[in-house]
1. Looking at region 60-69 only, could you name the residues that are without any contact (Cβ under 8 Å) to a residue 60 or more places away in the chain, surrounded by fewer than 18 Cβ atoms within 10 Å (Cβ to Cβ) and closer than 26 Å to TYR104 by Cα?
2. What number of residues within region 11-34 satisfy the criterion of being over 12 Å from the mean Cα position of the chain (by Cα) and part of a helix (DSSP H, G or I)?
3. From the set of residues in region 87-101 that are open to solvent by 10 Å² or more (accessible area, probe 1.4 Å) and polar (S, T, N, Q), which is nearest to LEU10 (Cα to Cα)?
4. Considering only residues that are small (Gly, Ala, Ser) and part of a loop (DSSP other than H, G, I, E, B), look in region 128-185 and name the one that is nearest to THR16 (Cα to Cα).
5. Only residues that are polar (S, T, N, Q), modelled with pLDDT under 90 and surrounded by 15 or more Cβ atoms within 10 Å (Cβ to Cβ): list them for region 121-166, please.
6. For ILE54, indicate whether it is surrounded by fewer than 16 Cβ atoms within 10 Å (Cβ to Cβ), β-branched (Val, Ile, Thr), closer than 21 Å to THR90 by Cβ and modelled with pLDDT of 90 or more.
7. Give the residue that is nearest to ARG77 (Cα to Cα), with candidates limited to residues of region 102-119 that are open to solvent by 60 Å² or more (accessible area, probe 1.4 Å) and outside any strand (DSSP E or B).
8. Could you look through region 21-37, keep only residues that are of a type in the set (Lys, Arg) and modelled with pLDDT of 95 or more, and pick out the one that is nearest to ILE2 (Cα to Cα)?
Amino acid sequence: MIILGITGTLGAGKGTIVDYLIRERGFVHFSVRGFISREIEKRGMPVNRDSMVIVANELRAAHSPSYIVDCLFEEARLTGKNCVIESIRTPGEVLSLKAKGSFYLFAVDADPYTRYTRITARNSETDRIDYETFRANEAREMTSEDPNHQNLYRCIKMADFVFSNDQTIADLEAQVAAVLDQICK
């Protein structure tokens, strides 16, 4: 059993990798975003990027920087199957997951305007924003000295494998397949 984590910039293709892992490799999916969304709904807050950041940071501050992924890792471990935890956002999450063993972190990135075009096309509740807001949201999540806050830059640097998603879905899937063939021997 292996557990993969996925980090990356907004709209880079984390969900595309997850879809491939589920469809082609039989992975079980666990979503940080889903975990946080359930907590937001319990609190009666609007489900948007601001609420996601606030609630995630509050949970991490109250419990630990790795609290959310630790909960998801335990659920994943209980399945006994290969699993993927989507949307790793803090270095503390990466460190905690790597310490558990049988864990690899994937990172994905792409050109900013390409990523913005992708998020507007998917039109989820957190993606209905203009380009300036998109860039501001990303800047807010890119670095932080607070261990409970997002630091995508550092997470990407901590990744075991980094994928570029400036081409086609087939190209990204081929990159992922090559890595999986290497680590799932």
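1. Residues of region 60-69 that are without any contact (Cβ under 8 Å) to a residue 60 or more places away in the chain, as a first pass: 62-64, 66-68.
When the remaining residues are screened for being surrounded by fewer than 18 Cβ atoms within 10 Å (Cβ to Cβ), the result is 62-64.
Of everything in region 60-69, those that are without any contact (Cβ under 8 Å) to a residue 60 or more places away in the chain, surrounded by fewer than 18 Cβ atoms within 10 Å (Cβ to Cβ) and closer than 26 Å to TYR104 by Cα turn out to be HIS63, SER64.
2. To start, the set of residues in region 11-34 that are over 12 Å from the mean Cα position of the chain (by Cα) comprises 19-28.
Adding the requirement that they be part of a helix (DSSP H, G or I) leaves 19-25.
Counting residues in region 11-34 that are over 12 Å from the mean Cα position of the chain (by Cα) and part of a helix (DSSP H, G or I) gives 7.
3. Among those residues, the one meeting the criterion is SER87.
4. Among those residues, the one meeting the criterion is ALA159.
5. Applying the first criterion (polar (S, T, N, Q)) to region 121-166 yields 123-124, 126, 133, 137, 143-144, 148, 150-151, 164-165.
Remaining after also requiring modelled with pLDDT under 90: 123-124, 126, 133, 137, 143-144, 148, 150.
Correct list: THR126, ASN137, SER144, ASN148, GLN150.
6. Details: surrounded by fewer than 16 Cβ atoms within 10 Å (Cβ to Cβ): yes; β-branched (Val, Ile, Thr): yes; closer than 21 Å to THR90 by Cβ: yes; modelled with pLDDT of 90 or more: yes.
For ILE54, the condition - surrounded by fewer than 16 Cβ atoms within 10 Å (Cβ to Cβ), β-branched (Val, Ile, Thr), closer than 21 Å to THR90 by Cβ and modelled with pLDDT of 90 or more - is met.
7. Top of the filtered list is SER102.
8. At the first step, the residues of region 21-37 found to be of a type in the set (Lys, Arg) are 23, 25, 33.
Filter again for modelled with pLDDT of 95 or more, leaving 23, 25.
Values: ARG23: 17, ARG25: 12 Å.
The extreme case among them is ARG25.
The values are calculated or read from the model by the stated rules, or taken from the named source; none is laboratory data. These numbers come from a predicted model, not from an experiment. Note: ideal-geometry Cβ built from the backbone for every residue, glycine included; neighbour counts use all protein chains shown. For accessibility, only protein heavy atoms count, side chains too; no ligands or nucleic acids. Shrake-Rupley method; radii C 1.70, N 1.55, O 1.52, S 1.80 Å.
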